[in-house]
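Have a look at the structure below, then the notes.
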Amino acid sequence: MRTVLITGASSGIGAACAQVLAGEGYKLLLCARRADRLEALRNEIRTQYPDIDIHTFTLDVRDNEKVKEAINSLPSEWQNVDVLINNAGLSQGLDALQDGDTDDWDRMIDTNVKGLLYVSKAVIPLLKESQQAHIINIGSIAGKEVYPNGNVYCATKHAVDALNKAMRIDLLPFGIKVTAINPGMVETEFSEVRFKGDKERAKNVYNGIVPLSGLDIAETISFVLSRPAHVNINDLLIMPTAQATGTVVVRK
Ligand code: NDP
Ligand code: 8X3
């Protein structure tokens, strides 16, 4: 069975991927910054699937030295990585560019772009050894269009879109599949993080619509991963039915 490494597995889409892929028998390598959340997820998955192999480790994807160290020091039985899900990411603030906080910009660029690059660079040598290697990059509708006040977050996800295309080309000789999954609104901790703990404001984002869930994205990724060897899904845009573009939403 394949081994999947999921970044940002402590919450939302990453945690849902861990749960869905556990159900399919994948071996799980799960990382994020919050050890307690990873531990809770591991216990939850183990309760449901007692035989599952899970290895968790804390990692801040922004720290290149720590990323290299974490991947290089994986226990030998965990070094056969087949699938990498580059999911760790965040938005910080929703302000006009001229009013933006440069620390917010740094956090988004360092996590969503540089973090994805650091992890990919460290894991690609392991993927090259796999016969079923696949990288899934979690982009966004924000990587396909720009919406008011989205500026730097949109720029980071446009970068993910470009890097996904670049990986597809550069990793082609190694037979490594590369797929971008670009969701619209998914109800996770994303908006709470964007609005820095303002739960009320975060909840309002999803008022009057049925947003996507982490499970919707995880099941889509499971489908993408289950395609035969000769099929690669390059790029997938997945939206709530009530959301046509980044900003065109019908609320009831
Ligand atoms: P959550 O906030 O629920 O999850 C984000 C995950 O990323 C957490 O597990 C968090 O873990 C991890 N993370 C954040 N920063 C770091 C870091 N520096 N190092 C390691 N892990 C980190 O949000 P989502 O599940 O929604 O977000 C997952 C991905 O999906 C992101 O890339 C996001 O941009 C993208 N996305 C989300 C959409 C949405 O509407 N929710 C839509 C489109 C894309 P921890 O804090 O423990 O480190
Ligand atoms: C997250 C979705 O619409 O807030 O990437 O940009 S959105």
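The values are calculated or read from the model by the stated rules, or taken from the named source; none is laboratory data. Only a predicted model underlies this, so the values are computations on that prediction, with no experimental measurement involved. Neighbour counts are summed over all protein chains in view; Cβ atoms, including those assigned to glycine, are modelled from backbone coordinates with ideal geometry.
Before moving on, here are some points about what is shown:
- Pick from segment 70-107, criterion in a loop (DSSP other than H, G, I, E, B) and of a type in the set (Ser, Thr, Tyr), ranking: nearest to residue 8 (Cα to Cα): 91
Per-residue answers, yes or no, for (1) farther than 23 Å from residue 15 by Cβ; (2) more than 14 Å from the chain's Cα centre (by Cα); (3) at pLDDT 95 or above:
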| site | (1), (2), (3) |
| --- | --- |
| 169 | yes, yes, yes |
| 198 | no, yes, yes |
| 215 | no, no, yes |
| 219 | no, no, yes |
| 234 | yes, yes, yes |
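- Some residue of segment 90-97 being within 30 Å of residue 197 (Cβ to Cβ), of a type in the set (Gly, Ala, Ser) and within 16 Å of ligand 1 (Cβ to nearest atom): yes
- When 213, 191 are checked against the criterion of being surrounded by fewer than 17 Cβ atoms within 10 Å (Cβ to Cβ), within 14 Å of ligand 2 (Cβ to nearest atom) and among the hydroxyl-bearing types (Ser, Thr, Tyr), a single residue qualifies: 213.
- Residues of segment 106-125 that turn out to be within 19 Å of the chain's Cα centre (by Cα), of a type outside the set (S, T, N, Q) and away from ligand 1 (no atom under 11 Å from the Cβ), as a count: 7
- Selection status of residue 179, assigned to a loop (DSSP other than H, G, I, E, B) and either surrounded by fewer than 17 Cβ atoms within 10 Å (Cβ to Cβ) or in contact (Cβ under 8 Å) with a residue 24 or more places away in the chain (or both): no
- Residue within segment 154-174 that is surrounded by 15 or more Cβ atoms within 10 Å (Cβ to Cβ), within 12 Å of ligand 1 (Cβ to nearest atom), in a loop (DSSP other than H, G, I, E, B) and basic (Lys, Arg) present: no
- Selection within segment 8-26 - over 18 Å from residue 88 (Cα atoms) and either within 11 Å of ligand 1 (Cβ to nearest atom) or crowded, with 21+ Cβ neighbours inside 10 Å (or both): 22, 26
- Being without any contact (Cβ under 8 Å) to a residue 60 or more places away in the chain, in contact with a Gly (Cβ under 6 Å, 6 or more places away or on another chain) and not in a strand (DSSP E or B) holds for only one residue in 67, 61, and it is 61.
- Selection status of residue 219, surrounded by fewer than 19 Cβ atoms within 10 Å (Cβ to Cβ) and either closer than 29 Å to residue 124 by Cβ or among the aliphatic types (A, V, I, L, M) (or both): yes
- Yes/no for residue 228 being part of a loop (DSSP other than H, G, I, E, B), within 30 Å of residue 128 (Cβ to Cβ) and either polar (S, T, N, Q) or out of contact with any strand residue (DSSP E or B) (no Cβ under 9 Å at 6 or more places or on another chain) (or both): yes
- Residues within segment 102-139 that are under 25 Å from residue 184 (Cβ atoms) and either without any contact (Cβ under 8 Å) to a residue 12 or more places away in the chain or within 16 Å of ligand 2 (Cβ to nearest atom) (or both), tallied: 14
- Criterion: more than 14 Å from ligand 1 (Cβ to nearest atom), of a type in the set (S, T, N, Q) and at pLDDT 95 or above - qualifying residue of 73, 140: 73
Residue-wise test of (1) out of contact with any Gly (no Cβ under 6 Å at 6 or more places or on another chain); (2) of a type in the set (A, V, I, L, M); (3) buried (at least 23 other Cβ atoms within 10 Å of the Cβ).
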| position | (1), (2), (3) |
| --- | --- |
| 79 | yes, no, no |
| 104 | no, no, no |
| 117 | yes, yes, no |
| 122 | yes, yes, no |
| 126 | yes, yes, no |
